[in-house]
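Here is the structure we will look at, set down as structure tokens.
The values are calculated or read from the model by the stated rules, or taken from the named source; none is laboratory data. Note that the coordinates shown come from a computational prediction; the quantities given were computed from them, not determined experimentally. Here the Cβ positions follow ideal geometry from the backbone for every residue, glycine too, while neighbour counts run over all protein chains shown. Please note that ligands, DNA and RNA were not included when accessible areas were found on the heavy atoms of the full protein model with its side chains. Shrake-Rupley method; radii C 1.70, N 1.55, O 1.52, S 1.80 Å.
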Number of protein chains: 4
Amino acid sequence: MTVASTPTAILLISCPDQPGIVHNTTGLIVDHGGNIVHLDQHVDTETNVLFMRIEWTLEKFTITRNDLLKALTPIVDRFQMRADLEFSDTLPRTAIFVSKESHCLYDLLSRHESGELLIDISLIVSNHTILKPIADRFQIPFHHFPITPENKAQQESAEIELLQNNDIDTVVLARYMQILGHHLIDAYPNKIINIHHSFLPAFPGARPYHSAHARGVKIIGATSHYVTEDLDEGPIIAQDVIHVSHRDSVKDLIRRGKDLEKIVLARALWAHSQRRVLVYDNKTIVFR
Amino acid sequence: MTVASTPTAILLISCPDQPGIVHNTTGLIVDHGGNIVHLDQHVDTETNVLFMRIEWTLEKFTITRNDLLKALTPIVDRFQMRADLEFSDTLPRTAIFVSKESHCLYDLLSRHESGELLIDISLIVSNHTILKPIADRFQIPFHHFPITPENKAQQESAEIELLQNNDIDTVVLARYMQILGHHLIDAYPNKIINIHHSFLPAFPGARPYHSAHARGVKIIGATSHYVTEDLDEGPIIAQDVIHVSHRDSVKDLIRRGKDLEKIVLARALWAHSQRRVLVYDNKTIVFR
Amino acid sequence: MTVASTPTAILLISCPDQPGIVHNTTGLIVDHGGNIVHLDQHVDTETNVLFMRIEWTLEKFTITRNDLLKALTPIVDRFQMRADLEFSDTLPRTAIFVSKESHCLYDLLSRHESGELLIDISLIVSNHTILKPIADRFQIPFHHFPITPENKAQQESAEIELLQNNDIDTVVLARYMQILGHHLIDAYPNKIINIHHSFLPAFPGARPYHSAHARGVKIIGATSHYVTEDLDEGPIIAQDVIHVSHRDSVKDLIRRGKDLEKIVLARALWAHSQRRVLVYDNKTIVFR
Amino acid sequence: MTVASTPTAILLISCPDQPGIVHNTTGLIVDHGGNIVHLDQHVDTETNVLFMRIEWTLEKFTITRNDLLKALTPIVDRFQMRADLEFSDTLPRTAIFVSKESHCLYDLLSRHESGELLIDISLIVSNHTILKPIADRFQIPFHHFPITPENKAQQESAEIELLQNNDIDTVVLARYMQILGHHLIDAYPNKIINIHHSFLPAFPGARPYHSAHARGVKIIGATSHYVTEDLDEGPIIAQDVIHVSHRDSVKDLIRRGKDLEKIVLARALWAHSQRRVLVYDNKTIVFR
């Protein structure tokens, strides 16, 4: 899980499995002076699809960043690859959406400040103003978009415009208590990360802790996933749980669950920011 | 979680909460020479119901077992208690139902043999004969009831008769792959323990590992619960999970899930056999 | 684990076990109009010591706070109890000690701000100034005590004076990288909570993640404990672990371990602040 | 974590990292008709050592098993590889050593019987006769070697002879309560798997549950490791823990810990049997 301290190129590919993929891809890198610092591959034997993440240092690599995609084209074409090329020193420009709960926001901001989370937190969006003081403390621009049933479509258009004007490529819903409209979802496919406060697919939708308490479960969980148009049904990136008992009231579940929420969201965002997540067939490959 | 080595009486009660319950109940025990070795109580503040488990030694207790229920009557009546009185040296007479999978059966039999599981395994019931050799090895009577859609009702009547003739009071479904009919369920309310191979309420019904794989979850689980007429919706006694990844095929989930199944079922049965489980409102209180 | 919303009295007792303790203590409470909202007791059968936590509402309780200790005296004397009496609306006055790492500090401050952590964070002490801006953001007084081998004893005396002048009763070492002197430890027995970044007793002392990596363990952990004069050997309040693999470098362990550190420290402090922790024989009873 | 159903070759290598290793090794396989079903590599950036596991199908592979090592020689030499070549249909011939506790033995035998554990359990060795009936039930040869301080060296020589006569290549210490002598350890380097009932390096040696109870830890664990001459200090293959509380007596820890012991031992043995474990520098790489 090494994070290289010198700039690296990261290639995420998926393609029909056949002999020669690893061999040819590594060949191109090695032949041009790249030193591979991470290689992980996985073959889904049911669908016969190969997934791979390769990361290599650029120090002595003789292909320039601008020419790299072109240089990869023959391999991409030959193996019918879906390929994403990223560079480790290009930080994802990130917008955080929040409502009234502060725990995930504080957690992300403090991770960011300490240098643990290598993203560029460009702005914070909220349908309330209650968390604006936190944004101010961390000197992150805060944008208030109050949402009503009437203005929702219009406000989302304004939000999309804001995101695009700021070159945002990753949106984090840090306990944002609004269902996104499809325009926003369509604009950021597999780029909007949500934290849901249950171990999905159990307890989707509103008030999962109340439902968990009513059902009398002995574990509660949190799930971070990419947002799709099917509510709480997008590709799962990370999940975790804790044990609970009859002693835990709904209030206890809410309190104890917050720890899960912030940890699981941060794990998912970390993997995303490190370009370790590949989405396929509404599931994720999370390379380690 | 001490298990007394000398015979004890165990009183499980639930009643509307009001002042004096603990005080009066412990008073009766103490005044007659009982030494309390375990007391745990819980008040559900939503419903205002108190739950309590008291266990005390009988060595110097001056009320005989036969007279004890009568002696408790004034307190039971005064506080409108639902009360169960058990004695630690009366082992639950248990029937294990199995189909073709051996892992839970072996696990229960080996725990029983080593003295960890204080139950009396009176007989094994199966709709197949494949596990009969295991029953034979452990010298437990094995009863074969092949089930077809046509004979199901009739076979269950025969099973009920068998259970009653053997004074069975606890039924364990150790990966028994048949849905029980309501006659059998009604005959053993909160006495039939099932192990389901998912973290309920996610993935109820058939083939949960396949569903989990299709959904791309990052954890899988197992749930042990009392059987009610609503399939996989009875009161949950124990649950646990493990982390999985995209590397895990359905086969891997099945293999790895077996560990959860046997551990979670054994935990639930242990708590049940120690009379640590109280059912209320389709939920359990599991006293520790 | 209910937290009462109306003021309560909390009694923590330990004493030689004998019949009548629960009966008599609950009697006094019930007879004077107290409504017990939490009662948990535990008997250590090896040492024959009983531990109990009782919490009851004061609304209709007819003994005043001032007279309560006196009213309890006959019971305390009769059963040779060590008894602590607390009131839920008296928040522990807390000082947080930090060095350079911000994650635990941010975590505690954000929990405090959201009302989850019912303590009074009176001041922050540090041997560095690097975290002062965080204290400023949350408007908590920050006191800088640079420590050198030469000035250590003197600085600690000044710290003790500061703590006493501020009526501090709980000290939290939130990754404070100095070993406390015995004067400070003696002044706050079982009142100084540390977070150590390993699952003690493994890897005490400095650089536990490096040691864990060198040993090749497959789990790492964190431990929160009360500070005693024996380094990292005080009574353990909370512990947790996560799974790691050969993929995790020392840097990964440090990054991933931070999540454990802040969660485990917060759990320990929450239990302490709710007066759920009783220390006995260098171990803790943590009532749930 | 796919387990191929058709025979495969498995190559485990470690060597100084340099460009071209993956490229050249996969080249040899692909050029001769091998289809790679698993490839996982890891670079230890501190020591600059590369570790890799490659598994490929033999169906259309044009190099015979006998010629394969020779065919690999140029690559092995060029990159100074330490290389192990195994075939998936050659099951590790395994001896299980036990003393008096049955839980791990039953667990391994039932996993073996159900086909989950792809090993050949050739024989059982014990310093007691108490578990002989279990061996008999599963029709595994049982060998009794009573051990006294006087006869220990001699008995181990006889054991080594027995193991060698039976072509044993893997030894499992399934709660075998004797410290092995160095002759036996030397004869099976990284081939003897032990289960220790604590989360090492905490509580090595005898009676770890008693030590854990005395220390008041809030988690207990189990560790499976290869045996070296330093007691409980060999390379760790798998570890897991459970949460415990003040409620758990030593007896409870022993009972609850058994579940950990059998699960963790089985996980380690499964990985070993699948040739997923590489030992380096007293640590393990466990490929997933």
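Relative to the longest principal axis of the Cα atoms of chain B, the long axis of helix B:103-113 lies at roughly 40 degrees. May I ask for the angle, rounded to the nearest 10°, between helix A:65-78 and the longest principal axis of chain A, with both axes built from Cα atoms and the value confined to 0 to 90°? Helix A:65-78 sits at roughly 80 degrees to that axis. Here r is the Cβ-Cβ distance between D:Asp186 and D:Asp89 and R0 is 22 Å; the resulting FRET efficiency, rounded to 0.05, is 0.15.
From the Cα gyration tensor of the range A:1-149, with a ≥ b ≥ c the square roots of its eigenvalues, which class applies: rounded if a/c is under 1.5, or else prolate if a/b is larger than b/c, or else oblate? Prolate is the answer for the range A:1-149, as a/c is 1.5 or above and a/b outweighs b/c. Each of A:Ala153 and D:His128 was given a label point 7 Å from its Cα along the Cα-to-Cβ line. The distance between the two points is 7.7 nm. The same position C:Gln139 in the other copies lies at 2.1, 7.8, 8.1 nm from this copy, comparing label points 7 Å beyond Cα toward the beta-carbon, shortest first. Here is the interface size for B with A: some 2900 Å² of accessible area buried, both sides summed, with a 1.4 Å probe.
Across all directions, the shadow cast by the convex hull of chain B built on its C-alpha atoms averages 16.5 square nanometres. Shown here are the Rg and Dmax of the Cα trace of the protein assembly as shown, at 31.0, 92 Å. Only Lys, Arg, Asp and Glu count, each charged at its Cβ (+1, +1, -1, -1), so figure out the dipole size of the range B:29-178 about its Cα centre, rounded to 20 debye. Charge dipole, the range B:29-178, about its Cα centre: 220 debye, nearest 20. Placing a pseudo-label 7 Å from each Cα along the Cα-to-Cβ vector at C:Lys251 and D:Gln139 gives an inter-label distance of 5.7 nm.
Roughly how tilted is helix B:152-165, in degrees to the nearest 10 and between 0 and 90, from the longest Cα axis of chain B? Its long axis makes an angle of about 40 degrees.
Here is how far apart the D:Gly181 label points are across copies: 5.7, 6.6, 8.2 nm, shortest first, using a point 7 Å from Cα toward Cβ. Residues of the range C:101-123 that lose at least 40 Å² of accessible area (1.4 Å probe, protein heavy atoms only) when the other protein chains are present, relative to their chain alone, are C:Tyr106, C:Ser110, C:Glu113, C:Glu116.
For chain B, adding -39500 (n - 2.57) for each run of n ≥ 4 DSSP H residues and dividing by the number of residues yields -10000 deg cm²/dmol at 222 nm. For the range C:14-30, the residues whose backbone nitrogen is under 15 Å from a point 7 Å from the Cα of C:Tyr280, taken along Cα to Cβ, are C:14-22.
Taken along the Cα-to-beta-carbon direction at a fixed 7 Å, the label points for B:His32 and C:Arg78 span 2.2 nm.
For the range B:243-288, the solvent-accessible area of protein heavy atoms averages 28 Å² per residue (probe radius 1.4 Å; ligands and nucleic acids excluded).
Please state the shape class of the range B:114-198: rounded when a/c is under 1.5, otherwise prolate if a/b exceeds b/c and oblate if not, all from the C-alpha gyration tensor. Here the range B:114-198 falls in the rounded category.
Measuring between their Cα centroids, the range A:237-288 and the range A:1-68 lie 28 Å from each other. For the range B:1-70, the per residue solvent-accessible surface stands at 39 Å², with DNA, RNA and ligands left out and a 1.4 Å probe. Taking every Cα-Cα distance in the range B:25-90 and sorting them into 10 Å bins from zero, the calculated P(r) comes out as 18, 54, 24, 4 percent.
Within the accessible surface of chain C, defined with a 1.4 Å probe on protein heavy atoms only, the carbon and sulfur portion equals 51 percent.
What separates the C:Leu85 label point from its copies, with the point 7 Å along Cα to Cβ, is 3.8, 7.6, 8.2 nm, written shortest first. For D:Lys100, the lysines whose Cα falls under 25 Å of its own Cα, not counting residues fewer than eight places away in the same chain, are B:Lys262, D:Lys132, D:Lys152, D:Lys191, D:Lys251, D:Lys258, D:Lys262. The chain D residue nearest the rotation axis shared with chain B, using its Cβ and rounding the distance to whole Å, is D:Arg137, 2. Peptide D:26-36 shows a mean partner chain C-beta count of 4 within 10 Å per residue C-beta. Extent of the range B:158-203 along its three principal axes (Cα atoms, max minus min coordinate, largest first): 37, 17, 16 Å.
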